[in-house]
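Enquirer: Once you've had a glance at the structure underneath, I'll fire off some questions.
We did not get these values from a lab; they are worked out from the coordinates using the rules stated. Here the structure is a predicted model, which means the values were calculated and not measured. A quick note on method: Cβ atoms are made from the backbone with ideal geometry, for glycine too, and the neighbour counts reach across all protein chains shown.
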Amino acid sequence: MSAENANGFGPLSTVSTTNALVSVLPLKPLNTPTRGASTSPTQIEVLWDAITSPRDGGEAIISYHLQWDQGTGTLSQIVVGDPTDFIGTSTLITSGIVAGTTYKFRYRVESILGVGEYSDATEIKAASAPDSVTNVVTAIENTYVKISWDLPVENSDPVTEYEILILTDDGTTYTASDDYCDGSFSAIILNRYCHVPMSVLTASPFDLDF
């Protein structure tokens with residue numbers, strides 16, 4: 001830079017080697033909130049990313065705002081972060097949760113300059129993995145062995161697949177017989193049984209005796 005008076009501009013200064021830091025509003029989060037392991041039919045745990053430089057806009061983060069739709073489909077209610085600042089990256093929602101309902105969530109970041117844009121929305125269902133399968137029964141039917149079981153407690157989300165494993169002849173290893181008991185088949189999921197030929201079970205790797 002240079003200075004000017006009535007006689008004109010003086011010589012240019014030396015080049016500055018110090019960079020100026022320009023602060024802006026926090027940027028839109030790259031990722032959506034995610035489902036936490038504590039989510040169940042009665043509560044939802046929501047996790048989100050901590051925002052750091054450069055997506056913080058050059059200023060310290062003072063709050064995260066988590067918003068949800070309360071099951072209405074319209075994102076409007078802030079869970080944490082406003083009016084009380086919240087700098088955590090997870091929260092557990094236990095009030096207003098209906099088992100089996102899917103809820104939408106998104107979050108944004110606040111610094112001293114204001115709030116940034118909301119992340120894209122994600123959906124989290126008030127449900128958890130099914131309970132253990134019970135009453136597994138085997139029975140011989142002609143030249144087949146029928147494997148059947150009871151419907152487990154689904155915990156507000158229908159079963160989409162079963163993993164059916166059979167003990168091999170080493171006495172410790174279990175393996176699937178997907179040619180006959182593929183637990184992803186809709187008929188097996190619906191009826192909760194499958195048939196394995198005895199010829200398969202008497203051969204390697206099962207080597208069973210009947």
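Enquirer: If the chain between Thr168 and Glu4 were fully stretched, how many nm would it gain, using 0.36 nm times the residue separation less the Cα-Cα distance?
Expert: Full extension of this stretch gives 49.8 nm more.
Enquirer: Among Ile188, Thr172, Val137, which residue has its Cα furthest toward the positive end of the charge dipole of region 137-201, with +1 on Lys/Arg Cβ and -1 on Asp/Glu Cβ?
Expert: Val137
Enquirer: Moving on. According to a simple spin-label model (label point 7 Å from Cα along Cα-to-Cβ), what is the distance in nm between Asp150 and Leu92?
Expert: Taking the two extended label points, one gets 2.9 nm.
Enquirer: How much FRET efficiency would the formula 1/(1 + (r/R0)^6) give for Asn191 and Leu75, where r is the Cβ-Cβ distance and R0 is 41 Å, rounded to 0.05? Let's see the in-between values first.
Expert: Values: r = 40 Å, r/R0 = 0.99.
It comes to 0.50.
Enquirer: I want the local charge near Thr89. Using Cβ-Cβ distances under 12 Å, sum +1 for each Lys or Arg and -1 for each Asp or Glu among the other residues. Don't skip to the end; give the middle numbers.
Expert: Values: positive: none; negative: Glu45, Asp49.
Neighbour charge sum, excluding Thr89 itself: -2.
Enquirer: I would also like to ask the following. Quote to one decimal, in nm, the extra length available between Ala50 and Leu27 on full extension: 0.36 nm per residue of separation minus the C-alpha distance between them.
Expert: Numbers: separation 23, 0.36 × 23 = 8.28 nm, distance 1.24 nm.
Going from the current span to full extension adds 7.0 nm.
Enquirer: Based on the alpha-carbon gyration tensor of the chain and its eigenvalue square roots a ≥ b ≥ c, which shape applies: rounded if a/c is under 1.5, prolate if not and a/b is larger than b/c, or oblate?
Expert: Working: a/c = 5.10, a/b = 2.62, b/c = 1.95.
Taking the square roots of the gyration eigenvalues as a ≥ b ≥ c, the chain is prolate.
Enquirer: Of the residues Glu154, Glu141, Glu123, which exhibits the maximal mean-square fluctuation in a Gaussian network model of the chain defined by a 10 Å Cα contact cut-off?
Expert: Largest GNM mean-square fluctuation: Glu141.
Enquirer: Once you've got the GNM for the chain with C-alpha springs shorter than 10 Å, pick whichever of Leu165, Leu27, Leu75 has the biggest mean-square fluctuation.
Expert: The residue that fluctuates most here is Leu165.
Enquirer: Expected output is a single nm value to one decimal: the length gained when fully extending between Thr102 and Asp182, i.e. 0.36 nm times separation in residues minus the C-alpha distance. What is it? Numbers along the way, then the final one.
Expert: Numbers: separation 80, 0.36 × 80 = 28.80 nm, distance 2.87 nm.
Value of the extension gain: 25.9 nm.
Enquirer: Select from Asp157, Asp178, Asp120 the residue whose mean-square fluctuation is largest in a Gaussian network model of the chain (Cα-Cα springs shorter than 10 Å).
Expert: Top of the fluctuation ranking is Asp178.
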